[in-house]
1. Looking at the structure I just gave you, is residue 132 modelled with pLDDT under 95, of a type in the set (Asp, Glu) and touching a Pro at 6+ places or on another chain (Cβ under 8 Å)?
2. If we scan region 86-109, do we find a residue that is among the small types (Gly, Ala, Ser) and modelled with pLDDT of 90 or more?
3. Just the residues that are part of a strand (DSSP E or B), more than 19 Å from residue 120 (Cβ to Cβ) and without any contact (Cβ under 8 Å) to a residue 40 or more places away in the chain, please, taken from region 57-109.
4. Tally time: how many residues in region 101-149 are loosely packed, with under 15 Cβ neighbours inside 10 Å and basic (Lys, Arg)?
5. All but one of (1) surrounded by fewer than 17 Cβ atoms within 10 Å (Cβ to Cβ); (2) part of a strand (DSSP E or B); (3) not polar (S, T, N, Q) hold for residue 164; which doesn't?
Amino acid sequence: MLPIFRKTLFYYLLALSLFFSLHACTDLDEFERESTRNTMADTLLGMTESFDSSIDIIVAGHRKVKATAPRTVTRETDSVNQTDMYGPPVEILVFDEDGTIETRINCSHATYISRQLQFEFFGDVVVETGTERKLRTEQLIWDEGAEIFRSNGFVIITTPQDSITGYGFSGDQDLINYTLRTVTGEFAID
């Protein structure tokens, strides 16, 4: 009886050790596969997705820009560092050196290209300034470094005194000094 018990115990322990060995290898293999996938995604794509995002851009120790969006996707490679902000709404606040909001931009989608210090706004773009001026368009580029807005499309600019419409806009971010390639609309001349 003892040899049968030893033989059964031997096979039982052998089966048990094989089970644990195979189970451990399976978990390790899955772990290695998942780690490899994550590492490849991080190094090859350099992509991060976030929800209910808030991004601050700090210049010389002061907050210059605050961008909020329901969803953001950041892509970073050797040649590109770009953040896409998806809404609506996407809201961009531009602050002066004292921390006061000087410009507010709302749109459906925005792209920030950090190496060029440039924002691109798309879909129902509305720019409001502290000077009670407003710009509406479907596409707008903001050169953050030069503090200039540009748009090749149709724009509507309103002030407390007048409104003007046209194509080919280029101007400062206060919407005080600007040019339009083609002008239509009503305006007052001081």
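The values are calculated or read from the model by the stated rules, or taken from the named source; none is laboratory data. This one's a predicted model, so the numbers in the text were calculated from it and none came from an experiment. FYI the Cβ positions are ideal-geometry reconstructions off the backbone, even for glycines, and counts take in every protein chain you see.
1. Values: modelled with pLDDT under 95: yes; of a type in the set (Asp, Glu): yes; touching a Pro at 6+ places or on another chain (Cβ under 8 Å): yes.
So residue 132 passes the test.
2. Yes: one or more hits.
3. If we filter region 57-109 for residues that are part of a strand (DSSP E or B), which is where we start, we get 57-59, 62-76, 81-95, 101-109.
Narrowing the set further to residues that are more than 19 Å from residue 120 (Cβ to Cβ) leaves 58-59, 62-63, 95, 101-102.
Correct list: 58, 59, 62, 63, 95, 101.
4. Selection size over region 101-149: 1.
5. Every listed condition holds for residue 164 apart from (1).
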